Structures are given as structure tokens and as C-alpha cells.
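These notes concern the structure reproduced below.
The values are calculated or read from the model by the stated rules, or taken from the named source; none is laboratory data. Everything numeric in this text was worked out from a predicted model, so none of it was measured. When we count neighbours, we look across all protein chains shown, and the Cβ atoms used for this are built from the backbone with ideal geometry, even at glycine. Surface areas here come from the heavy atoms of the whole protein model, side chains and all, with no ligands, DNA or RNA. Shrake-Rupley method; radii C 1.70, N 1.55, O 1.52, S 1.80 Å.
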Amino acid sequence: METFIGAVINGLALGMAYALIAVGYSMVFGVLRLINFAHGSIYAFGAYMVYFFISIQVGLFWSIMIAIVLSGILAMLVDKLALEPLRKKQSIPIASLITTVGVSFIIQNGLALEQVFTSEKKGFPSLNLFPNIMIGNLTIQSSQIIMFAVALVLLAVLSYIVNKTKIGLSMRATEQNARAASLMGVNTNFVISFTFFLGGCSAAIAGTLISGYYQIISPTMGATIGLKAFAAAVVGGIGVLYGSVVGGLVVGVVECIAAQYLGSNVRDPMAFVILILILIIKPNGLFGKKGVSKV
Amino acid sequence: MALLQAKEITMQFGGLLAVDSVSFHVDKGEIVSLIGPNGAGKTTVFNMLTGVYEITSGAIEFEGKEIHRKTPQEIVDMGISRTFQNLRLFGKMRVIENVLVGTHIRTKYNFFDGLLRTPRYQKEEAEKTLKAIDILESIGLGDKINELASNLPYGDQRKVEIARAIATDAKLILLDEPAAGMNPAESEELLRFIRELRDKGYTIILIEHDMGVVMNISDRIYVLDHGKMIANGLPREIANNPQVIEAYLGGKREK
Amino acid sequence: MKKVLAVLLALAMVFVLVACGGGETPAGGETESGAEGGVIKIAVAGPMTGDNAEYGIGFANAAKLVAEQVNAEGGVKVGDATYTVEIVEFDDKNESDEALTIAEQIVSTPDIYGVIGHFSSGVCMAAAPTYQDAQYINISPTSSHADYSSIGDYIFRNNTVITVETRTGAEIAINDLKGTSIGVLSIDTEWGQSAGNAMEENVKDLGGNLAIRQEVAATQTDFATEIANFRAQNVDVILVAGMYETLAPFALACDSSDYDVKLVGCSNAYTTSLIDIAGEAAEGIYAPVAFFAGNPDPDVQAYVKAYTDKYGAAPSALTTQAYDSTYILIEAIERAGSLDREAIKDAMFETNFDGMSGPTTFDEIGDAMKVFTKIMVKDGEFVVAEF
Amino acid sequence: MKEKKSLNLLAPFESFVDKFKVPLSILVGAFLIAVPFLGASRVAMRNLVMIFLYAMLGMGLNVLLGYVGQVSLGHAGFYAIGAYTSAILTTTYGWSFWTGAIAGACVAALIGFLLGLPTLRLSGTYLTIVTLGFGEIVLMVLRQWESVTNGNYGIRSIPVPELFGWELTLSNGGFYWLILFLSTVTAIACYTIKNSNAGRTLIAIKEDELAATMMGIKTTRYKILAFVVSAFITGLAGAYYSVINNGYIEPNNFVFNYSIQILSVVIVGGMGTIRGMYFGSALLMMFPQVFRFLNQWRFVIYGLLLVLMMQFRPQGALGWQSTLPYKLPRRAKKALAEREKAKTVQ
């Protein structure tokens, strides 16, 4: 029984990591109905920025703050330079999807350049800031607790912004109907860029927390975890903030239980098995809204 | 026996009663118009007839057979086809290809005939192409068959939509504001074409705001307002029916 | 039908011409030589970009160092002529499509007399038949697929044979560390599976108590589940069949979840990157290695110094195996006394080379027999193991 | 999206190719067939074979993406199913290469059917996500089902195709002709599918699914048909891959990166066209080799190429809207000519 609880706890911590990344996907998808493939590489970029600033003797706290802002700006630049022109030209949706794939190539391989960070894996400072907590012989690492706490704070802040602020209102309006929103005086392009900015920041926070937990980073770290986090966002109902959190936790826990009882190499595709099952039963995910398309 | 018989058909979206127990019929070879102010529920009736919406209550019969629970594909197969209020052509396909898509439902050769270019394919494809060209020539688009549908002027695009509807070998054609966006010369030409269709035995239901077209061509007219049938009859009766005029001009209506 | 064929082929021709042109001039240029005192080229093929770039770059560095040293001593004496050695690098991104295009390029370059390379077993398996058919000697410093060297008599492997290497690992775990409950953690690559299986057999042969075996994805960094399972069986020594990309995060995970366990890696764990990433968590990690930079032998020290001066970091086990492979090939050419590929191949089988990664001889199918030394990480560096 | 002015500069080129298509195609056919005799280097031969293989893969995905507008990010899954099915049948059950290849394509088509069924209630983006999942799950099965697929060890010594005792391998050029023939047959099949009732129906669904429904088209059935045809072609290409890989395949040959490569062939070449598949494939195969000296920078530039292409030429290199008149079936043209003659006689 204890191993089951252990698996659930590990699953919750891992799930919260997915939730952190899933939020970024969910926000961008909500506003643009677009899978932002570059999100995984911005997550890696954030982690590398923290690594870089620490290596030039900037304190851990300030390194994280700078990394968050830089990642936010990078995400905004991606939108402004690559995606906004496409929206202006009303080009086909596939063009935006491919653009994000191209951007993820640029960022991911840009990090791995000889002149930049090379493709070798690097150590990352641990976030085990205080001793672990023992329950029975189950150890809960302090970095897991920090990850949980910061994630909850971040999600609270994000949902406050989305639900309670003026910019949040215009974000929700743009999500419902961008054209109508722009007619009501909402500068939709600014809102979309702001959403990308928030997405970039959350990706950097996720990058810092997760790398602090595993203490290892590599340029391609965003690839697998990015896809799984996206599956989690869809499982929870994409476009809905708390949907991403629940989706992330569900995927994390199921994955750890599957790893426990079915062997660990089943774990990566497990996120997709859950995804396909849920998409067939409830095409809009657990909490997704059913979109009515008018004739 | 009427070709199409609607008995107290009703359509409810949540609380909104879009169409409220409307009944009407259309006989073979007739041109019937359905008029009324914007938002009266005209296009909703078309969507109910063609299976886009499943009606909340009531019944629709076509050639004696019930159609209100059938899928749009089955309804087209039985012989009802339509055009759309806001033009839904296949923009990146040529005019003739749009009409050929209309002939899809009558095509008998299968995927493998097409793949292997069997004689059956050759024969039927030629017939379909000739039929499409004939329809397009009869509607005055004979010289524009290679044009992209999206490159045509508005009026011609309307005609392509009608041609596409005819290509399904439908017996009953529902025209949703065909004259919208047409200049007088084009609507005159359209009137001539619709009469020609009627002479060829087609039955037509017309939604139209251009009273010149409606009064000129309709055998009978039904008037809808806020989802209710408020009048029906011959064109001249409708022309001076006080309720109809008020419905159009607005103003108080005594309950 | 003719119309259809016509349009398609018309367009195919225009663009295929472009492709054909592109392919005509293989990189690295062909220089007709083989005349007296010409150049002997040795190809190095491996991932220079992408995830495993450091291994391919390690191969190339080692080979270039050998070429530099050999040319400094007057080059290679073949019969009565002397040749200078030139290294030609190819990046296969660790993908077989790319590797086979490179293999075709190599076998159509007559003055290449041997190929050091391909990194992962799958890529080696795909490329080897091309080298065998064209009678090009192919030595892989890292391939571990059981059937690799039996693909042909031109295919050699200067890699530690799994069963021998893991035997030393098992000895450390059972005899030296006196492990009461042994665990095995292996990655789900071809090498990981065969190494893990060999570890299980060796532990059973030595009478050890094999408690539990677990397999993880090669890119996995979350080991919470595995640690919980090992702890449940109160495993005190774990044999890890994984590269440093797995061993380092696993050590970190054990350390940060206060799991006091001793870890025994494989020879490829011997790289400074392990210590860079794992930090103090690497303290007390043991590994059986054929090559050890701390080995007091003066030749080894000279090599380590030469490599570190040229590239700024100490050579890893796999890099050293590429270094030895290059020397083995050059010595075989000298022994054969001619540039005839058949003769060189026969000379390869008589190899008895006392290399940096230990004395190396090839068995009848081309597998290398190695001797292992036991090392450990102490105060942030590799030292000879003390128990 | 309005076509740009550049169209008319393409029109004369297109009508030129159309006018001289018979001599041009004979010229191209002869040249392509003669390549092995023109002393092409082994590298060039292998490049051509890879280009034809990826052109086939592009054509397979094109049926789904180009014709009916569904984006798939898991097509390496069908590629793997075709390769493994034929490899297993030929190595363990002794089937001949030819029957193995057809079986590989049919199994891929069957799985394409199964994957098509439940997912068709999903709109575009969700379907893309499911295909992404499909590719990852196929990989898991290949790695775990060791008793059948031999797991990460891969399958060795897969037999080479043989025709009347003559082994068609890469080195003797036999396989080159086989792939040339196979990709031309696939191109013709795609052409005939596109220009028939089925093709028009698929494109109609892509243009406006509701209007298509109202024309009586059973859109679900045709989307599944597109999935099956696409999977069949991709599976067939997979069956021939083992010959190019020296008779050896392993799971790493079919990872997610290959799904992106197949997608790039279709997008860069020109969605919905067949000529685009050859161009996209040639560009994709030659790009890493021509820019080899850039090393790690290659991928950064490749990403940049994708981004810039989507900005300035989203319809792909050869994706222009054809300016040629609609190709009337022969018999229709004859009937129209007779009608014309009848009219002038009166």
C-alpha cells in the first residue's frame, strides 16, 4: 500500500510540473486555438538563463527573476515577429503551427550551439533549500514542496489576472471571439502578445522549479516533457486554467502509478494513452467548453 | 398530394423559440416564396427542411415520406438541395469542379474505378462533365467554367451555387436570397433562369427580400414574422395585407 | 495516362537534377593518391551535433591526436614508403539515414583505409554491411550489439565486451562492497538491455542476492518511483547500466531523497561530466574501467597530458577507446606492409596492442579482450578504488 | 488569401510544361532510367533513392494534409508499421519481399482505418494531437513487444527484393529503378485519385465541410478513406526502407523527428500538389548535406527557413494555383467537338 501512496505523491509533484508547463500551452491555445510548439523550448531557455546568470555569480533569486522576464520577452518576440504577421495576412492555421515548430528548432538548437551552451548536459543548482520531510519511510523532498507551493502561487496569480483584471477580461473576450473583441476596442494583438508573455514567464518558472528538482538540464529537455504537458493541458480541457492543473496532476499520478506497476518505460507514452481515451469520450477534455459552431 | 408538407414544425434553441409550429406545403412545379423581416426564422426553416437542425417537434414529409429525422445527406439523396444565404462555394476549386461536386451524390463509379481509370469511370465522368457544362451554359456561365469560384463577381458566384444545387438532380430546390447583391440586370436574368427551371419541372422555394423578384415570380407566398406564420396566399393578396406591411415596416401590432 | 506520366516526370527531372548535382561532390574531396609517400586517410564517423555530440567530438579529438603524434614521429612506414595520416570527420547525427549516406561517401573515397566509428549500436549495425562489402576496415569504439562484429571480417569492435565488464562491476558490488541486496537499473537502449542482462547473470554467478531489476527510458530524469522500489527491497548496492546522463541524475535523486546506497556504473561512466553534474552526489560511485587517467603508467600519463593540453579536458573512457582504435588501425597497416585492404584486415587479427584502455587483442570474430581496473570517485575526482 | 501578382510569371512556365509534356516526360524518363549508367556516384544514387522514398512519404501524408486538410504529426507511426510488418513477415515467416511489402501497407491501412474511426468526431487541432499520441504509442509498442519486434535490438538481415533471380540492391542499381518505378506509380495514383470524384470530394471537405455535407457527401466516410489511403502509401514506403538501411531496422528509425520531416516535405514542397512532394523531398534530403559545413547551425537555419517560408510562401515552393484550363475527359471533349460541328453545319 505504501508504495502506492509513494507513487501518488511522486505523481502529484511530477503532475504539478506538467501543470506549470501546461498552463502556458493552455493560455496560448485559448486565445489563438494554436498548439505553441515553441513553448517546450522556451521552458528550456528559461532554465538555461537561470544556469547562465548563476554561473556569472548572480544570486539564485535574481537569476530566476531575470530568467523569467527574459523568457517572457522571448515568447512575446516569437509572437510579434513570427505569428502576428501571419494573423495580419489571415494565412492558413497550418502556417502558424509550422512556424512554432520552426521556432522550436531555432531556440532548441540555438542553445546547443558550440558557441552558446553546447549540447552537453549541465548540472543545475538544487532547490532542496531545507531538509526533507519523512513520513514513515516516505521521504518528501523540499524541492517537491517548493515546486508545489510556487506552482499554486503562480496559478493563483494567473487566475487572478485572467479573472479579475481588466487585461484578463480582454484576454477572455479575445478568446471567445477575437473579431468582436477588437470591435469593442480591445487591442487583440496586444492581448495576444501579453498572453505569450505570461506563457513565457510560466515556462521559465516551470523550467527553474523542475530543473531545481532534477538538478540536470539539456537543450532538448523541453521536447518530451513539453509534449506530455500539452497532453495534460488537453486532458484537463485546453483553454481552461484549472483544467490544465487537474490535467497535469492526473497525467502525473497515472504516469507514476503505471511506472510503478507496469514498468518505467511505459511512462512516456502513458500521457498519450490517457489523452486519446479522454479525447474519444469527452472531445473537449474534462473541463473544456463545447464550442457551438453557427451555420 | 403536395410534394412537400410541413406540419406545425417547431425549432427551439434553449429558451429561444426560433420557429413556432409553422405549417405549409409546396406542390410539384410550383414556385413558393418565403418572406419576412430579418430574423423572422426563414433560414432556420431552410435548415430544418435540409436536416441541418433536428426539429424540436412537428413533421415534414417529402413525396409522402417523413424526412425530419433524416441526415442532410439522405435528404439530398431524396431530391432536396439548397443554396446558402452567405455563399458557401469551394473557393479554390474551379467553377466546373464546384458543379461536379454537386454531381457527387449521383456518381455510381467507385474509388477504384477512379483510381484505375476504368471504362466505367471514363463513361460516367464524361457524362457528368457534359451535364455540368450544360447546366453552366443554361445559367449563362458557359465561358467561365475554368475560373476559380472565388475570383467570380458576386452575382456569378450566386449562379454557381444554384448550378451546383441543380447538379444533384434535385426535384425541390431551396434558394436562400439568390438575388442578394445582384444588380437589376442580373436579377432580371435570374428571374428568366428560375422560370426556365420551373418549365423544366423543378419545384422551387425562394427566400428573398427583393419584392420585385418575389411578386413577379411566385405562385404563392408565405410570410413569417418572429417565427410565426402570419399570412399566406397569392402575391397580390399578400401585397396589400395590412399585417404583412406592418411586420415589414415595424410599429405596434395589436395582440 | 501519357499526360499524367508526362507532367510528373517533367517536374521530377528538374529537381532531381539539382539533387544529383548536390550529391556529386562528396564532402572531403577525393584526392587520387596511394603513390609513394602519399596520404593515408582515416575516417571518423559519429554524432558531432545533436544529443550525443560530445561522444562523436571525442572520437574526432582522439583520432586527430593520434594522427598528430604519428605524423610527428615521421608518419606511417608501409613497405618502404612513409605516409602521413589525415583524419576526415563525418557527422552522422546518430541517425542511420545520415550514417549510411556517409558510409557511401567513405567507400567511394579510395584513399580512406579505415573507419573509426559510428556511436550507437543501431547506427553501427546499419552502416557495417556497407563497409564490409567494400572491404573497408570499420572499428567501433562503442558498439555493443551482440551480432555487430559477426557482420563480417572487416568489422571490429574496440569496446569492452559487456559480459566481461559487468563481471568486474558485479565483483565490486558483491565481493568488495559486500552488498547484501543488489539492484540493477538499466536504460531501455539496446546497450542498456544487454548490459542489464549481463549484470543479472554475473550477480547470480557470484552468488549475490539480486533483489530487483528496473528499466528506465534513456532520457528519464525522474527516478522517484525507481528509488521507492529499490528501498522497498532495502537494496544497498545498485549496478547502473546507463551513461552519465542517467547515472548522474540518479545519484542526485538518491542523494536528495536521503537514500544511502552505493552505486556501481559501467566503464562509460568514467567521464568528468559525471562529477560536473552530480557534484558531491558522485562521491563514492564505483566503476570498472579499462582506461583510467589516474593510472601511474607513464604512457598513460603522457597521453592524458597530451589530450588535456590539446583539448582542455581529460579524456573519457570512450574517447580513449577511439584513441586506441586509431593506433590499432595504423599499426595494422604498418604490419601489413601494404595498402591492400585484405592484408590490413588479416594484420588486424594479429593485433596485440597495449593501449591506454588496456592490453587489446581481437578474438576470431573481432571482439576485443580487455583487462579492467576498479576506480571510485573521491573528493571530486576519480581514484583507484579502496574498499 | 488573394494570390499574388507572381502568378502570371508562372503561367507561361506552366503552359510550356503542359504543351510539351510528352517530349519532356520521355526526356526525363530516359534520363532518370539512365542515371545508373551515367556513372553517378554511389552517394548520388543513394540521395536519389532517399528523395524518391521521401517523395512517396510526402505523397502519403499529402492525401491527408493536402487533399482533406487534416494535419498529422504521427505519420512516422504508419512508416514504422509498414517497415516492421514486412520485416517480421519476411524474416520470421519467410514471406517474399513483395508480399511482405503489400502486407505491410495493408496493415498500416487497417490501423489508419482504426485510428480514423474514433477520432473523426474531433476537430482539426484535437485530431493533430491524437496523431501525435499515435506516433509515440507505436514507438512504445516497438520497444516493448520484444517477442515479436525484437525491441531495441532491431531486426537484422531483412531480405532484399528479388525479380526473376536478380537481387535489386542499392549497389547494383536494381533498387534505384524499383523505387523510381514505385514513386512514379504512387504519383500517378495520387493524380488519378485527385482528379476523380473521390479527390474532388476530399478537397470539397477541406474547403467547406458543411457545404460538402449539404451536397450529400458523407464527410466522415471520406475522411476515413483519406486516412486509409494515406496510411497505405506511407506503410508501403516503410516496407522499402529496410533495403536502404542495409536490411536492418530499429525503433530509433521512426521517432517523432521523422514525422516532422515527412510533414516538412509536404509543407515546404507545396500542400495539395504532387510536383511539390518531389521538390520538398529533394530540398529536405539535400539541405543537410549541402550545408554540412555549418554543423550545428544547420538546424537553426532549417528552423529559420520554415518560419520564413510560412511568412512569404505558405502555399509552399510549388504550391501555386494552376492557371491551366480544367482537363476535360477525352470523351467529353469529343462530344463537345461534335456538338460544335453540328452547330456550324446548321
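Inter-chain Cβ neighbour count for D:134-146, averaged per residue, equals 4 (cutoff 10 Å, partner chain atoms only).
Among the residues of C:127-133, the average count of other protein chain beta-carbon atoms within 10 Å of the residue beta-carbon is 3. Residues considered: C:321, C:105, C:220. Largest GNM mean-square fluctuation over chain C, using C-alpha springs under 10 Å, is found at C:220.
From largest to smallest, the equivalent ellipsoid semi-axes obtained for the stretch C:162-289 from the alpha-carbon gyration tensor read 19, 16, 14 Å.
Legend: mean number of C-beta atoms from other chains within 10 angstrom of residue C-beta atoms, peptide D:221-230, equals 1. Take the Cα of residue B:236, step 7 Å toward its Cβ, do the same at residue A:77, and the gap between the two points is 7.9 nm.
Label chain A by shape, choosing from rounded, prolate and oblate, from the square roots a ≥ b ≥ c of the eigenvalues of the Cα gyration tensor; if a/c is under 1.5 it is rounded, and otherwise prolate applies when a/b is larger than b/c, oblate when it is not. It comes out oblate by the Cα gyration axes. The residue D:167 and residue D:341 beta-carbon pair, evaluated with R₀ = 45 Å, returns a calculated FRET efficiency of approximately 0.20. Summed over all non-identical Cα pairs, the Kirkwood treatment of the stretch C:33-176 gives a radius of 16.1 Å.
With the convex hull of the Cα atoms taken as the outline of chain B, the averaged projected area works out to 15.1 nm². For the stretch A:108-161, the relative contact order works out to 19 percent when only alpha carbon pairs closer than 8 Å and six or more residues apart are counted.
Over the stretch D:119-267, the hull volume per residue, using the convex hull of the C-alpha atoms, is 149 Å³. As an equivalent ellipsoid, the stretch B:1-146 spans semi-axes of 34, 18, 15 angstrom, where each value is the square root of five times an eigenvalue of the C-alpha gyration tensor, largest first.
Note: the stretch B:120-193, Cα convex hull, 100 Å³ per residue. Applying D = kT/(6 pi eta Rh) to chain C, where Rh is the Kirkwood radius over alpha-carbon pairs, T corresponds to 4 °C and eta to 1.567 mPa s, the Stokes-Einstein value obtained is 59 µm²/s. Each of B:91, B:122, B:151 was placed along the dipole of the stretch B:89-169 (beta-carbon charges, centred on the mean Cα), and the one lying farthest toward the positive end is B:122. Placing dummy labels 7 Å off each Cα toward the beta-carbon, the span from residue D:330 to residue A:135 is 7.9 nm. Here the stretch B:62-213 has 52 percent of its accessible surface on carbon and sulfur atoms, given a 1.4 Å probe and all protein chains in place. Each residue of the stretch B:142-147 was assigned a 3J(HN,Hα) from its phi angle through the Karplus expression (A = 6.51, B = -1.76, C = 1.60, θ = phi - 60°), giving x, 8, 10, 5, 8, 5 Hz with x at Gly and Pro. Only helices enter the 222 nm calculation for chain C: every DSSP H run of n ≥ 4 contributes -39,500 (n - 2.57), and dividing by all residues gives -14000 deg cm²/dmol, rounded to 500.
Against the main long axis of the alpha-carbon atoms of chain D, helix D:42-62 sits at an angle near 60°. Across the stretch D:153-165, coupling constants 3J(HN,Hα) worked out from phi with the 6.51/-1.76/1.60 Karplus curve, θ = phi - 60°, read 6, x, 10, 9, 6, 7, x, 8, x, 9, 10, 6, x Hz, and Gly and Pro carry x.
Across A:266, A:31, A:250, mean-square fluctuation computed from a Gaussian network of chain A (C-alpha pairs under 10 Å connected) peaks at A:266. By the Kirkwood approach, averaging reciprocal distances over each pair of separate Cα atoms, the stretch A:37-107 gets a hydrodynamic radius of 13.1 Å.
Here the protein assembly as shown carries DSSP beta bridges of which approximately 45% are antiparallel, counting only pairs with both residues inside. Summary of packing: across the peptides C:149-160, B:175-186, the per-residue average of other C-beta atoms within 10 Å ranks them, highest first, as C:149-160, B:175-186. Surface burial for D against B, with a 1.4 Å probe and both sides summed, reaches about 3700 Å² of accessible area.
The shape of the stretch D:252-323 can be summarised by an equivalent ellipsoid whose semi-axes, obtained from the alpha carbon gyration tensor, come to 22, 14, 11 Å from longest to shortest. Dividing the radius of gyration of the alpha carbons in the protein assembly as shown by their Kirkwood radius gives 1.03 for Rg/Rh. To the nearest ten degrees, helix C:298-311 and the longest principal axis of the Cα atoms of chain C are 70 degrees apart.
Once you treat every alpha carbon in the stretch C:236-324 as an equal point and sum by Debye, what is log10 I(q)/I(0) at q = 0.11, 0.18, 0.25 Å⁻¹? Summing over Cα pairs of the stretch C:236-324 leads to -0.33, -0.78, -1.22.
When the trypsin sites (Lys or Arg not before Pro) in the stretch D:287-346 are filtered for DSSP coil states and for at most 16 other beta-carbon atoms within 10 Å of their beta-carbon, the remaining sites are D:327.
In this Cβ point-charge picture (+1 for Lys and Arg, -1 for Asp and Glu), the stretch D:40-345 has a dipole of about 1140 debye about its Cα centre.
Pick from A:167, A:56, A:210: which residue has the top mean-square fluctuation in a GNM of chain A where Cα pairs under 10 Å get a spring? In this elastic network of chain A, the residue with the biggest mean-square fluctuation among A:167, A:56, A:210 is A:56. Mean residue ellipticity, 222 nm, helices only, chain D: the sum of -39500 (n - 2.57) across DSSP H runs of n ≥ 4, divided by residue count and rounded to 500, is -23000 deg cm²/dmol. Between residue D:220 and residue B:2, take the C-beta separation as r, use R0 = 25 Å, and let me know the FRET efficiency to the nearest 0.05. For residue D:220 and residue B:2, the calculated efficiency is 0.15. Over all projection directions, the Cα-based convex hull of chain D averages an area of 22.0 nm².
Measuring nothing but protein heavy atoms, the accessible surface of chain A at 1.4 Å probe radius is 71 percent carbon and sulfur. Taking the Cα atoms of the stretch B:77-210, the ratio Rg/Rh between the radius of gyration and the Kirkwood radius comes to 0.98. Where both bridge residues fall in chain C, DSSP classifies roughly 30% of the beta bridges as antiparallel. Taking the Cα centre of the stretch C:162-289 as origin and assigning +1 to Lys and Arg Cβ atoms and -1 to Asp and Glu Cβ atoms, the resulting dipole is close to 320 debye. Close amide H pairs (under 5 Å, H built 1.01 Å from N) link residue B:19 with B:11, residues at least 5 positions away or on another chain. With contacts taken as Cα pairs under 8 Å and at least 6 residues apart, chain C reaches a relative contact order of 16 percent.
Once backbone amide H atoms are built at 1.01 Å from N, residue B:30 has B:204 as its partners under 5 Å, excluding neighbours fewer than 5 places away on the same chain. Using only Cα coordinates, the Kirkwood hydrodynamic radius of the stretch D:194-339 works out to 18.6 Å.
Once both labels are positioned 7 Å from their Cα atoms along Cα-to-Cβ, the gap between residue B:63 and residue A:92 label points is 3.9 nm. When the stretch B:186-255 is described by a simple charge dipole with +1 on each Lys and Arg Cβ and -1 on each Asp and Glu Cβ, the residue from B:190, B:245, B:227 located farthest towards its positive end is B:227. Farthest towards the positive end of the charge dipole of the protein assembly as shown, among the residues B:163, B:34, C:235, is the Cα of B:34, using unit charges on the Cβ of Lys, Arg, Asp and Glu. Its Cα centre serving as origin, the stretch B:89-169 has a Cβ charge dipole (Lys and Arg +1, Asp and Glu -1) of approximately 200 debye.
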